[in-house]
Amino acid sequence: MKKITFIMLVFTCILMLSISAQARQRVTYTNVLIVDMVRYDPSPVRPGFSVDIWFEVSNIAKESLDIKLDLVEEFPFTVVDGPITFTLGVNEKKQIKYTVNVNSNAQDQSYSLFLQYFSEKANTGYSQAFAVPISRGGGVEVGVTTVNIDPEMIPPGDQAKLSIIIENNADYLMKDMTVELNLEADSIPFAPFGTTSKKKIREILVGSNAAVEFDIIALPTAEAGIYKVPLIVQYYDELGHSFNKSELLGLTIGSEPDVYVEIKEKEIYSAKGTGDIVLNIVNKGLTDIKFLKVTLDTSDQYDILSSSTVYIGDVDSDDEETSDFKLRLKGASDVKLLIRLEYRDANNRPFELDEDLPIVIYSKSELGMESNGTTWTIVIVVILAGIGIWYYYRRKRRRQK
């Protein structure tokens, strides 16, 4: 156990030494003088802020040195401190700090600086250039984290509420933010409802978030489908730098299908009759349906003499289609057709509808289909009776004469 602890301690020390070595940059090495850039604080360095840059100066000469150091200005840096003069004894080290202002127009990149040094023993010289990386904290650190749509699927002509949460993942304040739902394109069938398509956020603190809400309406003529809507976020950091970020939101137009089926026609007139039955399928919904298939399930009340399945395909909104089946009834008094509809809505969501449709049987006479034959029979009988009576009285008169 002690051996393992010792190994871990050694490994930790090596790792820390490695990290420390990576932080240092040797900028000057002569036969009397060594200068290392030790660190800069804060890190990362931001435009518009100041940074402290620390150097370690070592005297490797065999006598003391009077040294003068000057940090040479280069864009985007402005040195606050002037030249620094000090004395180092033999083998002595000293840390020197320079405070530097960073221009607010600095970009995301590394910029070079160098030192000028003077000593009677080392003469005048310049250090090697060393890099100081600048980070503006790019706009990717502010992002759209949550989007809620109520309802998730918006029927044509209906309203919806869009809630968006924006989070600041940067390490500085974001302010004067504009969040815009871009609905200008003709291909986007939405419009703001009772409000504008732009929202303002005064500021978002570091690690915080803010919410905006949009009230929108789907155009009444909109077709069902998923539409890509651009969301544009514009904002400033605390130094006045402007940023733009664009996202795409997916908004769905559609509605629950409203389909019903009924018996439109039938040619069966008895409990054991045979004939055709015509079903009528009506789409009462706001959007189209497609891939419609009608199936007549088997039953002990009837035999199916035709195909039990009819494929119809598309049925537009406010439209209807028919399907025909040939049946032979088996004498039951209460017959129900077992119908199944299978289809998809305009957004390809699958649906099934099962219906039990009762068949009411009427005879031909009840339907008045035999009334013409009966009427003619009565007419003929009356005519024949009239002829018989006429003939009888005629013969009787002749006898009397």
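Tell me, please, whether a residue that is more than 30 Å from ILE201 (Cβ to Cβ), more than 22 Å from the chain's Cα centre (by Cα) and free of Cβ contacts under 8 Å to residues at least 40 places away in the same chain can be found in segment 220-240. No; the residues of segment 220-240 include none that is more than 30 Å from ILE201 (Cβ to Cβ), more than 22 Å from the chain's Cα centre (by Cα) and free of Cβ contacts under 8 Å to residues at least 40 places away in the same chain. Residue pairs whose Cβ atoms lie under 6 Å apart, sitting 6 or more positions apart in sequence or on different chains, and linking a residue in segment 146-165 that is without any contact (Cβ under 8 Å) to a residue 24 or more places away in the chain to a partner that is surrounded by 14 or more Cβ atoms within 10 Å (Cβ to Cβ), are THR146/ILE165. Among the residues of segment 327-340, is any under 28 Å from ASP158 (Cβ atoms) and modelled with pLDDT of 95 or more? Checked segment 327-340: no residue is under 28 Å from ASP158 (Cβ atoms) and modelled with pLDDT of 95 or more. For segment 103-120, filtered to residues that are among the aromatic types (Phe, Trp, Tyr) and touching a residue at least 60 places away in the same chain (Cβ under 8 Å), the residue that is surrounded by the most Cβ atoms within 10 Å (Cβ to Cβ) is TYR117.
Among residues of segment 57-76 that are within 26 Å of SER104 (Cα to Cα), those with a beta-carbon under 6 Å from a residue that is among the β-branched types (Val, Ile, Thr) and modelled with pLDDT of 90 or more at least six positions away or on a different chain give the pairs LEU71/VAL79; GLU73/VAL79; PRO76/VAL102. Within segment 161-183, the residues that satisfy the criterion of being assigned to a loop (DSSP other than H, G, I, E, B) and touching a strand residue (DSSP E or B) at 6+ places or on another chain (Cβ under 9 Å) are ASN169, ALA170, TYR172, LEU173, ASN182, LEU183. Out of GLY143, GLY250, one residue alone is modelled with pLDDT under 90 and not in a loop (DSSP other than H, G, I, E, B). It is GLY143. Would you mind finding the one in VAL79, VAL57, VAL72, VAL100 that is crowded, with 18+ Cβ neighbours inside 10 Å and within 29 Å of HIS241 (Cα to Cα)? VAL100 is the lone residue from the list that is crowded, with 18+ Cβ neighbours inside 10 Å and within 29 Å of HIS241 (Cα to Cα).
The values are calculated or read from the model by the stated rules, or taken from the named source; none is laboratory data. Since the structure is predicted, the reported quantities are computational estimates derived from the model, not experimental observations. Here the Cβ is made from the backbone with ideal geometry for all residues, glycine too, and neighbour counts use every protein chain on show.
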